[in-house]
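Structure first, commentary second.
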Amino acid sequence: MSVPKITSPLVSVSWLVEHLSDPEIVVLDASWFLPGSDRNALQEWRDRRIPNARFFDFDKKIAHPAALFPHMLPEPSHFADEVEKLGISNRSQVVVYDSQGVFSAPRVWWMFRAMGHDNVAVLDGGLPAWEIAGNRLEAGEPVSPVAGDFDAQYQPQWVIDGDSLYEKLNTPDVQVLDARAAARFYGTQKEPREGVRSGHMPSAKSLPFGQLLKDGYFLPSDQLKKRFDAVSNVDQRLIFSCGSGVTACILALAAELSGRERLTVYDGSWTEWGSTYKYPIV
């Protein structure tokens, strides 16, 4: 019997408990921590994970190897090769979580969408929610999965580079939303990466990702809609940016949950923009 396709980009712990043993469900731990953290996401996955979860390393392994900026989206062939090693096929129903509730998992949701795989969802509340509900955890080295068969179909509407964004900055049809903390957006707090200027893009608006979450869960869709309606028009193309392209994906997922459809992530985000002196800042 085939597994019903994932119909929402967000699933609950109770949904995952019900479907965890389904043959086409693949659970991914996409935990990642900011530079300077003493936490090791790979080791934490070995120590505590949802049963059968596989570790998705978008920072080093499933990233463009020659990029100048952190964890840039890899070529489709690279992405396909790596997810096949995780046992993922085009028929797989992928559920992604992270150990902070909702933080880095949406990055992997966006990567799959950009590679043409729509059967992917984020676990609302992440690993903390799984534990709070009293569900079993797994530890130790996992059994290697049987290789999958994945054909990546790149979807360019989900991704934009710096030069293309520069050309669209003052276009009424486009609104850039910045997921960084307001202090970083307004330049009153120094950027954490060396050589990156402070401030924001001309015409961008601040929407810190924390305003879309509560206690590690996404706000209800009607509240998310109000957040986006306050900073953009319904018919605009929304382009999301952050420090290095991770929390921008929280905005992208929240926008989809709110009913928005024209969604794009600036992959290089402020690390690229702030360190590239031809790009203007405010």
Quiz prompt | Qualifying positions in segment 119-155 - surrounded by fewer than 21 Cβ atoms within 10 Å (Cβ to Cβ), modelled with pLDDT of 95 or more and among the charged types (D, E, K, R) | solution = E131, R136, E138, D149, D151
Exercise. Filter segment 42-56 down to the residues that are buried (at least 20 other Cβ atoms within 10 Å of the Cβ) and part of a loop (DSSP other than H, G, I, E, B), then identify the one that is nearest to the chain's Cα centre (by Cα).
Key: F56
Exercise. Would you check if V17 is hydrophobic (A, V, I, L, M, F, W, C), under 18 Å from F112 (Cβ atoms) and at pLDDT 95 or above?
Key: no
Exercise. Consider Q189 carefully, then state whether it is surrounded by fewer than 18 Cβ atoms within 10 Å (Cβ to Cβ), of a type outside the set (V, I, T) and not in a loop (DSSP other than H, G, I, E, B).
Key: no
Exercise. Among the residues of segment 149-186, write down those that are in a loop (DSSP other than H, G, I, E, B) and more than 22 Å from the chain's Cα centre (by Cα).
Key: D149, L169, N170, T171, P172, D173, Y186
Quiz item: V96: surrounded by 23 or more Cβ atoms within 10 Å (Cβ to Cβ), of a type in the set (A, V, I, L, M, F, W, C), modelled with pLDDT of 95 or more and not in a loop (DSSP other than H, G, I, E, B), yes or no?
Solution: yes
Quiz item: For E24, are the conditions met, namely being under 18 Å from D151 (Cα atoms), out of contact with any Pro (no Cβ under 8 Å at 6 or more places or on another chain) and not aromatic (F, W, Y)?
Solution: yes
Practice problem: Inspect segment 205-212 for any residue being over 24 Å from F33 (Cβ atoms) and either in contact with a helix residue (DSSP H, G or I) (Cβ under 8 Å, 6 or more places away or on another chain) or in contact (Cβ under 8 Å) with a residue 12 or more places away in the chain (or both) and give the result as yes or no. | Solution: yes
Exercise. Scan segment 173-186 for residues that are touching a residue at least 60 places away in the same chain (Cβ under 8 Å) and either surrounded by fewer than 17 Cβ atoms within 10 Å (Cβ to Cβ) or not assigned by TED's automatic domain parsing to the domain that holds D235 (or both) and jot them down.
Key: D173
Quiz item: Among the residues of segment 126-134, is any in the same structural domain as A41 (by TED's automatic domain parsing) and part of a strand (DSSP E or B)?
Solution: no
Quiz item: Out of all the residues in segment 69-81, is one or more closer than 21 Å to G116 by Cβ, hydrophobic (A, V, I, L, M, F, W, C), out of contact with any Lys or Arg (no Cβ under 8 Å at 6 or more places or on another chain) and assigned to a loop (DSSP other than H, G, I, E, B)?
Solution: yes
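The values are calculated or read from the model by the stated rules, or taken from the named source; none is laboratory data. What you are looking at is a predicted structure, and each value in this text was computed from that prediction instead of being measured. Here Cβ is always computed from backbone atoms with ideal geometry, including for glycine, and neighbour counts include all displayed protein chains.
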